[in-house]
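The values are calculated or read from the model by the stated rules, or taken from the named source; none is laboratory data. As the structure is a computational prediction, the values presented were derived from the model and not from experiment. Don't worry about glycine lacking a Cβ; one is built from the backbone with ideal geometry, like all the others, and counts go over all protein chains shown.
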Amino acid sequence: MVVSVFIISLVLWATGSLTGINATTTAMIAVCALIAFNVITWDDVLSEKGGWNTLIWMGSLITLAGGLSKLGFVKWFANSMSGISWVVAILILVLIYVYTHYFFASLTAHIAAMYATFGAVSIAAGASPMLVVLVFAFASNLMMPITHYGGAPAPIIFGAGYVTQNEWWRLGFITTTVNLAIWLIIGSLW
């Protein structure tokens, strides 16, 4: 049954642009099928606290990002950066963008909440739109090792139990800082 649900899910996911069934609907169909055929129970679903935690945080943060934009936060923040060189503004924003990753439940939630806002502020400060898009795209990758939930492989690697959370955060901070320094100094000159 698991193999059948997997194959059907894979086909639905791969043909989503043709069928109009998006990835979220495909995942829900798969979970419902697994429950209906008693492969898993509802208690199994409820016991996945990490998944529910990510769902709630991501939904909240994406909603918050939309609300901040509607309330004029981007315009206010851009105005508060007026008078500052766009180079200094984008440097400050990249540092804030990267190191606030500690406060986000996932990389997707972080990008959804901050990428467009910080990009708009950087462009309003006078930075080239292409440069802004690339800078924050690169920064989104550089911040992944900072936490044990920072990117897709991180929870799996952390779950193996070889390092503590404190050790991961310390090493993640060091790795991210070194990568960011290399990227900002050598990369900018290049």
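Assorted remarks:
- Residues in segment 169-189 that are of a type in the set (Ser, Thr, Tyr) and within 21 Å of the chain's Cα centre (by Cα): Thr175, Thr176, Thr177.
- Ser69 meets the conditions (1) closer than 30 Å to Ser188 by Cβ; (2) more than 19 Å from the chain's Cα centre (by Cα) in every case but one. The failed one is (2).
- Filter result for the condition that a residue is in the same structural domain as Gly67 (by TED's automatic domain parsing) and over 25 Å from Gly67 (Cα atoms), over Ile123, Ile182: Ile182
- Remark: Pro145 falls outside the filter, which requires a residue to be surrounded by fewer than 20 Cβ atoms within 10 Å (Cβ to Cβ) and assigned by TED's automatic domain parsing to the domain that holds Thr63.
- From the options Ser69, Ser140, residue that is touching a residue at least 24 places away in the same chain (Cβ under 8 Å), over 20 Å from Gly172 (Cα atoms) and among the polar types (S, T, N, Q): Ser69
- Whenever a residue of segment 106-119 is closer than 20 Å to Lys75 by Cβ and assigned by TED's automatic domain parsing to the domain that holds Pro145, its partners that are small (Gly, Ala, Ser) and surrounded by fewer than 22 Cβ atoms within 10 Å (Cβ to Cβ), lying with C-beta atoms within less than 8 angstrom and at least six residues away or across chains, give the pairs Ala112/Ala65; Ala113/Ala65; Met114/Ala65; Tyr115/Ser140; Ala116/Ala65; Ala116/Ser69; Thr117/Ala65; Thr117/Ser69.
- Lone qualifier among Val94, Val135, Val87, Val98 - being under 20 Å from Leu184 (Cα atoms), surrounded by fewer than 16 Cβ atoms within 10 Å (Cβ to Cβ) and among the hydrophobic types (A, V, I, L, M, F, W, C): Val87
- Meets criteria (at pLDDT below 90, among the small types (Gly, Ala, Ser) and within 24 Å of Thr147 (Cβ to Cβ)) for Gly72: no
- Residue match in segment 28-49 (condition: part of a loop (DSSP other than H, G, I, E, B), of a type outside the set (D, E, K, R) and closer than 29 Å to Asn179 by Cα): no
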